[in-house]
Amino acid sequence: MDAQNCPFCKIFSGAIAAQIVARSEHSLVFRDLNPQAPTHVLAIPKRHARDLGEFVATADAAEVLDLFKLASEAGRAGSTTGYRVVTNEGIDAGQSVFHVHLHVLAGRHLGWPPG
């Protein structure tokens with residue numbers, strides 16, 4: 001999937017509507033359409049990268065820091081007792097949108113092991 005056809009790139013640009021939670025120069029956090037916890041948001045970088053491996057191989061430190069900073073802020077806003085950050089890379093891991101994204105889940109007890 002290229003950036004022109006990527007739904008997350010379209011959300012970042014405003015071409016597709018989403019419930020925005022936070023935005024910065026490099027990143028965006030929005031509510032997941034199929035929440036798995038009371039707080040379930042997605043943190044995405046502005047720049048299109050297929051998955052976490054591609055993102056960290058091509059990103060500069062400011063982009064990586066910004067993405068994780070917004071994800072952490074969203075998690076802390078969703079719970080005072082803890083949150084989880086998950087990313088899936090590849091079909092076997094459950095990745096369904098091929099633009100790197102962090103799932104931030106909070107607001108309930110999250111069991112272990114997951115899935």
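Just so you know, all these numbers are worked out from the coordinates, no wet-lab data involved. Computed from a predicted model, the values in this text were never measured in an experiment. Here the Cβ positions follow ideal geometry from the backbone for every residue, glycine too, while neighbour counts run over all protein chains shown.
Structure data summary
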| read-out | value |
| --- | --- |
| Relative contact order [Cα under 8 Å, 6+ residues apart], the chain, whole percent | 30 percent |
| Principal-axis tilt of helix 61-78 within the chain, Cα atoms, nearest 10 degrees | 30 degrees |
| Shape of the stretch 3-106, Cα gyration tensor, a/c cut at 1.5 | rounded |
| Which of Phe98, Thr80, His48, positive extreme of dipole for the chain (C-beta unit charges) | Thr80 |
| Estimated inter-spin distance, Ala57 and Arg23, nm [label 7 Å along Cα→Cβ] | 3.1 nm |
| C-alpha center-to-center spacing [the stretch 30-48, the stretch 50-81] in angstrom | 12 Å |
| Förster radius 25 Å - calculated FRET efficiency between Ile91 and Leu65 (Cβ-Cβ, nearest 0.05) | 0.30 |
| Test item: Cα-centred dipole of the stretch 1-47, Lys/Arg +1 and Asp/Glu -1 on Cβ, debye | 80 debye |
